[in-house]
Amino acid sequence: MVLQIGFYTKLGDCRGPPETSSRSGLWTAVRSLSSPGLHNNDNDDDDDDDDDDHNGGGDDVFCRPLSNDVQKTLVEPLRGIFSCNLHLMDIQMFVDGFITAQWAENTSIPLRSFRNCVDPRRRLETLPRCLVPLIEKCRRSEVVAVKVIRFHMGYVDKLLSDDPDLRLIHVVRDPRGLLESWRKFFDERSGRRTPMMDMRLNAKIMCRRMLTDCHVRRRLELKYPGRILLVRYEDLVTDTDTVIGDIYNGLLQLAVPSNIVDGTKNQLHATADNGATGTLRANGTATAGNWRRTIKEELYAYMKDTCGALIAELHYQL
């Protein structure tokens, strides 16, 4: 099973500018459906003692503590998906928000038949019937992929501990590219240029969070050897075959499905982009490096200093 944890995630636990967000930390966890599901253990103690980005770290960043309630809200739905017990999940997850948003219609091919089944005028009445084939498809699948946002690396420890077949892929991108991509998206949406002060604060929050996740991941790699893989977005778009091989042949110990490589390349080298929230790029390689042409010199210099440790950790060039 694949759990993909947000490539574009809002840092909702930190208080900065109203739209503070980042495209940091896409994680993917993988579990074979032939194995038992996750245990329903409510003891969700967070052992992420390195998560210092929740201590503020300055008078311009305030982050709420990661309570057990917050952790349970984020982890429990994943357990339902991993075990294919979708009928036990909060019903609002299927009738509200992302899963019904028009812009998200093409982000999950397996969910298309489910969307077509649910009657928009009678969602609650048609949902139980439409969940049955979705659950059956989940249980038949060798690999199930799930994308998750607002997830902390510290929560992954509990999931890995509960399920020995779970695998984690931590996908990152150069933080300067993340922030510049974020700026373009919100500038276009708002019709105005994001103030430099807000950009600096976003950079500080984002890089602190990403570096903490990297530190926690390194600790988890020692605790769960062979079950975690770091993937850089830039490597995925420039050396797709190698990265997909590392994921399937290396981490998952599975043969690469014939449609995966072609499908990924078609997404990264499509005939045209399909928008900021879409999954198609006409030139994925160019997209990964375009930020160097558009980022402001002041922000570049600030991030070189503020995010230097993260940039070095991920082996990007300053």
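Of all positions in the range 208-227, none carries a residue that is assigned to a helix (DSSP H, G or I) and small (Gly, Ala, Ser).
Quick check: is even one residue across the range 229-242 under 21 Å from the mean Cα position of the chain (by Cα), surrounded by 13 or more Cβ atoms within 10 Å (Cβ to Cβ) and basic (Lys, Arg)? Within the range 229-242, one or more residues are under 21 Å from the mean Cα position of the chain (by Cα), surrounded by 13 or more Cβ atoms within 10 Å (Cβ to Cβ) and basic (Lys, Arg). In summary, Asp262 fulfils each of the numbered conditions (1) in contact with a Ser or Thr (Cβ under 9 Å, 6 or more places away or on another chain); (2) within 25 Å of Val143 (Cα to Cα); (3) at pLDDT 80 or above with the single exception of condition (1).
For the range 134-163, the set of residues classified as within 14 Å of the chain's Cα centre (by Cα) and among the β-branched types (Val, Ile, Thr) consists of Val146, Val148, Ile149, Val156, listed by residue number. Checking each residue of the range 193-207 against the condition of being over 30 Å from Ile311 (Cα atoms), assigned to a helix (DSSP H, G or I) and open to solvent by 10 Å² or more (accessible area, probe 1.4 Å) gives no match. Considering the range 61-116, the residues that are open to solvent by 70 Å² or more (accessible area, probe 1.4 Å) and in contact with an Asp or Glu (Cβ under 7 Å, 6 or more places away or on another chain) include one that is modelled with the lowest pLDDT, namely Arg64.
Listed by position, the helices (runs of 4 or more DSSP H) contained in the range 236-309 that have at least 1 residues being over 23 Å from Glu188 (Cα atoms) are 240-245, 258-268, 297-306. Taken together, the criteria place Asp165 among residues that are outside any helix (DSSP H, G or I) and either open to solvent by 20 Å² or more (accessible area, probe 1.4 Å) or not small (Gly, Ala, Ser) (or both). Looking across the range 164-185, just one residue is over 19 Å from the mean Cα position of the chain (by Cα) and under 26 Å from Ala309 (Cβ atoms), and that is Lys184. Is it fair to say Glu313 is under 27 Å from Arg189 (Cβ atoms) and either among the acidic types (Asp, Glu) or under 18 Å from the mean Cα position of the chain (by Cα) (or both)? The answer is no for Glu313.
The values are calculated or read from the model by the stated rules, or taken from the named source; none is laboratory data. None of the values given here were measured: they were computed from a predicted structure. Counting neighbours? That spans all protein chains shown, and the Cβs are built from the backbone with ideal geometry, glycine included. Areas reflect the complete protein model, heavy atoms only, side chains present, ligands, DNA and RNA absent. Shrake-Rupley method; radii C 1.70, N 1.55, O 1.52, S 1.80 Å.
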